Every structure is written in C-alpha cells, then in structure tokens.
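The values are calculated or read from the model by the stated rules, or taken from the named source; none is laboratory data. The structure displayed is predicted, hence computed values, not measured ones. Ideal geometry is used to build each Cβ from the backbone, glycine not excepted, and the neighbour counts take in all protein chains shown.
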Amino acid sequence: MFQKVFVCLDGSDLAEKILPLARALTAPKGGKLTLLRIVPEAAALEDSHARERAREYGAELRFLISTDPAAAIGAELERESNGVVALTTHGRTAWTEAILGSVALRVIREAKRPVVIFRPVTDEREAPRTISSIAVALDGSKFSEKIIPHAVKAAQFLSAQLHLLQALPVNPAATPLTQQEKSDVLESSYLQRKAAEIKAHHGVETQWEVLHGEPAEAICSYVRDLPDTLLAMTTHARGGLERALIGSVAATCVRRAGVPLLLYWPRH
C-alpha cells in the first residue's frame, strides 16, 4: 500500500507537518519516500531547505517545474502507478481555497487512488509518527464500502489494527440508499457482518464500533483522542457549485478530526 509515498511541499511549514507521518507510512516494509517540490520556474530549483529535509528524512527529492501543482502531482502519479500522495491542508471551511478548488481537492479527484490528508487542528498538533490503527468510516452504502480494500491493505502493510465505524444519526441520512442498504444500516449486525467478510477474504481480524449522533461529529469525537489512527473513508470529491463538497462528513473530518485521513473518490 505505501511502497511509494510522495509528500508535496510548497515551501511552507504547514506542508512539512506531514513528513513524520509519511516516513512512518513507508518504514514498516522499507517503502520509498519522495519529496515533491513544485516550483514555478527553474530559478527556484536551488532550494537548500528542501534538500535538507530530504536528507533528514532519508527521502528522494524531486523538483517539478509547473504553475499548476495539482496537474504536476497528477502527472507524477500517472508515471508511478503504486505511488500514494500525502499532503496537508488548511481545511478551514468548505468554501475556502484550502478545500474548494484547492490542490488537495483536485488531487483527491484526479488521483484514482486514496490520498493521505492531514490538517493540524492546532498549530502545535503534529502528525503521528506511527500508525497503530486504521479506522474505517462506513454508512451502510456500497459507495462507502469501496474504501475497505484499501484500508485492509494499509492495515496489513502497517501491521495496524483495523476498526470499522458506523455512525447512526438521530434523523435518517439524506444520502439515498437502496432498500437493501437501508436494511443493513438498521441492523446491528451490519459491521459484524463486514468484519466477518474481511476476515474470510483477507485474513484480517477486525474490530467494530457503532456510534450514535450526527455522523461527522460522532466520528471526529471517536478518533480525536486516538493520535496514532488513520481515518479511512470515501468521498464524493465534488467541487464548484456542488455543495456536497467531498461529502459533508469527509469535509468535517478533514477540519476537525485531528488525525490524518485516507480519502478515496471512487470515480465509477
């Protein structure tokens, strides 16, 4: 899963906050860490600070000349089919450039694979230096379950515990579900059945927890005090005037969970 991790740097302190996590993701099985420094012109190639960071983290440093960072990252992923991008975001609100129309949003939309996103909830909050658990947020829909294979691979690669989370809202979810999906959500056995399927198909022991309340808040509250957790979920990754930006639950978790997220937009 994390044989190749690309960290996107823009010269800011914020972008570098994900470096300890990126090294933690590659370390268990000797994965390769690459720092991508995207600059607008060749004159900016002499970035001694980026070179120092590469030496500090034992990483390769690549300079990409482009005025469109998201496109440059996308092109790099096209060349590296097994690469996973890791980047930070301000994640202020759904309508700031930190999410809407941002590099992070475009990368999520165009990556065709999960992307690791971290937003420090405070200036002092650091990215975890190890991942001991993968929390998978499900809502009973087939769409949400598309993250499961990627979360399983992440757990296997990191030797991390896999947890399935289902947050049941007080009011019915606005997302339309099929009749079978509605039935699954209402059954207390939904997560238990999914855990059994993961055990049968992948040989991974899986814990599960049903949460109660508004889904985004329930999930954030659950993982906020679990600093060594990677929260995995699918996202619609919409932009423009589509207000369901990366899914309201995912958007809230980016801003408030305080843990890194593994976000995946299944295009089909």
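Structure notes:
- Filter result for residue 77 (within 23 Å of the chain's Cα centre (by Cα), surrounded by 14 or more Cβ atoms within 10 Å (Cβ to Cβ) and not in a helix (DSSP H, G or I)): no
Rundown of residues vs (1) surrounded by 12 or more Cβ atoms within 10 Å (Cβ to Cβ); (2) among the acidic types (Asp, Glu); (3) closer than 19 Å to residue 130 by Cα, yes/no style:
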site: 22; (1), (2), (3): yes, no, yes
site: 33; (1), (2), (3): yes, no, yes
site: 36; (1), (2), (3): yes, no, no
site: 42; (1), (2), (3): no, no, no
site: 52; (1), (2), (3): no, yes, no
site: 57; (1), (2), (3): yes, no, yes
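Results for (1) out of contact with any Gly (no Cβ under 9 Å at 6 or more places or on another chain); (2) among the β-branched types (Val, Ile, Thr); (3) surrounded by fewer than 17 Cβ atoms within 10 Å (Cβ to Cβ); (4) at pLDDT below 95, shown as yes or no for each residue.
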{"position": "120", "(1), (2), (3), (4)": "no, no, no, yes"}
{"position": "127", "(1), (2), (3), (4)": "yes, no, no, yes"}
{"position": "134", "(1), (2), (3), (4)": "yes, yes, no, no"}
{"position": "139", "(1), (2), (3), (4)": "yes, no, no, yes"}
{"position": "150", "(1), (2), (3), (4)": "yes, no, no, no"}
{"position": "153", "(1), (2), (3), (4)": "yes, no, yes, no"}
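- Yes/no for residue 116 being of a type in the set (A, V, I, L, M, F, W, C), out of contact with any His (no Cβ under 8 Å at 6 or more places or on another chain) and at pLDDT below 85: no
- Search result, residues across region 192-209 that are under 22 Å from residue 131 (Cα atoms) and of a type in the set (A, V, I, L, M, F, W, C): 195, 198, 204, 208
- In this structure, residue 259 does not qualify as modelled with pLDDT under 85 and assigned to a loop (DSSP other than H, G, I, E, B).
- All positions within region 1-34 that are more than 17 Å from residue 62 (Cα to Cα) and without any contact (Cβ under 8 Å) to a residue 24 or more places away in the chain: 13, 27, 30
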